[in-house]
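Peer 1: One structure, pasted below without further comment.
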Amino acid sequence: MSEMRFDTYYAYDDLTRHLHALAAKRPDLVSVESIGASYENRNIWCATVTNSATGPADEKPAFWIDGNIHATEVSASTACLYFLHKLITRYGIDEQITRCLDTRAFYIVPRLNPDGPELIFADNPRAVRSSVRPYPFDEEPIEGLRPTDIDGNGRVLSMRIPDPLGVWKEHADDPRVMVRRDADEVGGRYFRLLPEGLIENYDGVTLTVQHSKEGLDLNRNYPIEWRTEGEQHGAGPFPTSEPEVRAAVEFITSHPNITGGVAFHTFSGVLLRPYGTHADDTLPAEDLWTFQAIGAKGKAITGYPDISVFHDFKYHPKEVITGVFDDWLYDHLGVYAWTVEIWSPQRQAGITEYKYIDWFREHPDADELTLMKWNDEKLGGKGWVAWQPFDHPQLGPLEIGGWDNRHCFRNPPPEFLEKEVALFPEWLLWQALISPRLTLHSFEATPLSEGVWRLRLVVDNEGWLPTYVTKKALERKACRGVIAELELPEGAALQTGKTRTDLGQLEGRAYQSAAGFGWVADTTSHRAKAEWVVTGVAGQTLRVKARHDRAGVVRAEVVLA
Ligand SMILES: [Zn+2]
């Protein structure tokens, strides 16, 4: 089959083929498995990436990455595939990638919701929010405008209807640009804008737009502050009710070595962090500082601002969103989690000082001119389609055209795709490399008297983060300390100590103050020691294993002498 490309979007079958082809290329680095089946029974693929020669993935700290939980956000899948491809093709060449796969693992789910995007790739494309499962009712809507391609050009654009009460008028400097008329303005040429489509049971006067019967939003179905349909639309009948979310939650909770995660979405060009529901001062200070440090690194690498959802990314200032991936991962499991919104058309166009979601509610007309200029100069005019007269069977003569959302807003246009998804690998690698990691300092046997030895095991956390990762994890009792286990051969016996012992948590360097004077004292809080006294026979080999759910496993052996 042809090589995977990053200037195109893949439907499920092609994505599946490319994923398996990558794994076949480097079976020593990648394995692909299904972590569950979607509503329409498609496999949800997960690629486990690590150098298997240095140990299995589940004995290493790991990082979770998923994409495309929202149906139309297909560049999220590309971001995952691009990263995976880069890991495989640059292993052994790139120092950071090599070190990362030798010491850490990635679990990458390029398309967590395999059903919804299929509608985008259909001949007559249709957009649903997330899953294709009908919710809350399994019946077709019977009235209202159904968005669909009615002029047969393969795109669902806008309809422009002349209307003296219309909201919109042509901009004086560029008639292609539609802007709102002034509050007290009358006497001009005004228009009503609607999605391209046909109206079911039109009464001749009332215009409504249908909600699709696929009303679920899978990123409201995570088991964190989940709310009912009356409080939040599309969250499903109960937390993890949907097979795609259930698969992710089961995989993540059964892989306690996961120390962080990123879910890719579109669009806005921002790095979003928890909480969506609570102010920053509700986080433990150390966790907030660490989130800010990870975000600052992300901003430096990607150019995307790092922001709190609660403070800077609300659809309405009085409303919050609950049941989302990153809040769940942080609040319940106590690891650092992010939602990355790929692609900012505004920033591409040169509008740099703007407030993400708030921009849609209010922005200067000048921004619209700037976007049109971007279309002309950078998109080769492909983002905006000239208004074409169309005789609508219900609404009469109108025009179809305007911005092609699917081409330029929702995801990067194909020719911009690779450049955009290439922004993320360095930050993803950095986030994996800051994890805690257990290393062996020493394991020694010292003879005390005839047939009696003292054993001493010393292990370190060489990672930047502490073994527990977050203060939230301690609060939630999400992980225990380093467990040391001594294996005694036949003929050896324990005199003091326990065969399995909890050595507690090991600190990292993450909370180290910037001033190297004053109160500085670099203690060995990253180190733990276990001691045993054993009786045995000279020449016997004693083995020890130290493990921490989040920091990995080390093994050592010593010969009694
Ligand atoms: Zn999304």
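Peer 1: Would you check if Asp391 is out of contact with any helix residue (DSSP H, G or I) (no Cβ under 9 Å at 6 or more places or on another chain) and closer than 30 Å to Val205 by Cα?
Peer 2: In short, yes.
Peer 1: Being assigned to a loop (DSSP other than H, G, I, E, B) and among the aliphatic types (A, V, I, L, M) is the requirement here; does Leu112 meet it?
Peer 2: The answer is yes for Leu112.
Peer 1: With Val309, Val335 as the choices, which residue is within 14 Å of Leu283 (Cβ to Cβ), of a type in the set (Val, Ile, Thr) and more than 13 Å from the ligand (Cβ to nearest atom)?
Peer 2: Val335
Peer 1: Looking at this structure, is Ile69 part of a strand (DSSP E or B), within 16 Å of the ligand (Cβ to nearest atom), within 20 Å of the chain's Cα centre (by Cα) and at pLDDT 95 or above?
Peer 2: no
Peer 1: Further question on the same structure: Just to confirm my filter: which strands (runs of 3 or more DSSP E) fall fully inside the stretch 473-561 and include at least 2 residues that are touching a residue at least 12 places away in the same chain (Cβ under 8 Å) and under 37 Å from the mean Cα position of the chain (by Cα)?
Peer 2: 483-487, 500-502, 527-535, 541-548, 552-559
Peer 1: If the Cβ limit is 9 Å and pairs must be 6+ apart or interchain, which residue in the stretch 135-163 that is in a loop (DSSP other than H, G, I, E, B) pairs with which residue that is hydrophobic (A, V, I, L, M, F, W, C) and surrounded by fewer than 16 Cβ atoms within 10 Å (Cβ to Cβ)?
Peer 2: Pairs found: Thr148/Leu198; Ile150/Leu198.
Peer 1: Next question, about the same structure. Whether any residue in the stretch 186-193 is more than 41 Å from the chain's Cα centre (by Cα) and more than 26 Å from Ala366 (Cβ to Cβ) is what I want to check.
Peer 2: The answer is no, given that none of the residues of the stretch 186-193 is more than 41 Å from the chain's Cα centre (by Cα) and more than 26 Å from Ala366 (Cβ to Cβ).
Peer 1: What number goes with the only condition from (1) in the same structural domain as Thr78 (by TED's automatic domain parsing); (2) assigned to a loop (DSSP other than H, G, I, E, B) that Leu329 does not pass?
Peer 2: Just one mismatch for Leu329, condition (2).
Peer 1: Filter the stretch 236-290 for residues that are more than 16 Å from the ligand (Cβ to nearest atom), assigned to a strand (DSSP E or B) and polar (S, T, N, Q) and give the result.
Peer 2: The one that is more than 16 Å from the ligand (Cβ to nearest atom), assigned to a strand (DSSP E or B) and polar (S, T, N, Q): Thr259.
Peer 1: Given the condition farther than 26 Å from Phe416 by Cα, assigned by TED's automatic domain parsing to the domain that holds Ala263 and among the hydrophobic types (A, V, I, L, M, F, W, C), answer yes or no: does some residue in the stretch 60-68 qualify?
Peer 2: yes
Peer 1: If you check Ala62, Ala79, Ala122, which single one turns out to be over 26 Å from Arg406 (Cα atoms) and either within 16 Å of the ligand (Cβ to nearest atom) or of a type in the set (Gly, Ala, Ser) (or both)?
Peer 2: Of the residues listed, the single one that is over 26 Å from Arg406 (Cα atoms) and either within 16 Å of the ligand (Cβ to nearest atom) or of a type in the set (Gly, Ala, Ser) (or both) is Ala62.
Peer 1: Another question, then. I'd like the residue in the stretch 1-48 that is free of Cβ contacts under 8 Å to residues at least 12 places away in the same chain and assigned to a loop (DSSP other than H, G, I, E, B) and, out of all such residues, is farthest from the chain's Cα centre (by Cα).
Peer 2: Filtering the stretch 1-48 for residues that are free of Cβ contacts under 8 Å to residues at least 12 places away in the same chain and assigned to a loop (DSSP other than H, G, I, E, B), the one farthest from the chain's Cα centre (by Cα) comes out as Ser2.
Peer 1: Take the conditions assigned to a strand (DSSP E or B) and either in contact (Cβ under 8 Å) with a residue 24 or more places away in the chain or on the phi > 0 side of the Ramachandran plot (or both) and apply them to Ile97. Does it pass?
Peer 2: It is false that Ile97 is assigned to a strand (DSSP E or B) and either in contact (Cβ under 8 Å) with a residue 24 or more places away in the chain or on the phi > 0 side of the Ramachandran plot (or both).
Peer 1: Then there's this: Being within 22 Å of Gly154 (Cβ to Cβ) and either assigned by TED's automatic domain parsing to the domain that holds Pro175 or touching a residue at least 40 places away in the same chain (Cβ under 8 Å) (or both) narrows it down to one residue among Pro447, Pro412, Pro436, Pro425; which is it?
Peer 2: Selected residue: Pro412, the only one of Pro447, Pro412, Pro436, Pro425 that is within 22 Å of Gly154 (Cβ to Cβ) and either assigned by TED's automatic domain parsing to the domain that holds Pro175 or touching a residue at least 40 places away in the same chain (Cβ under 8 Å) (or both).
The values are calculated or read from the model by the stated rules, or taken from the named source; none is laboratory data. All values derive from a computational prediction rather than experimental measurement. No Cβ is skipped: glycine too gets one built from the backbone with ideal geometry, and neighbour counts run over all protein chains shown.
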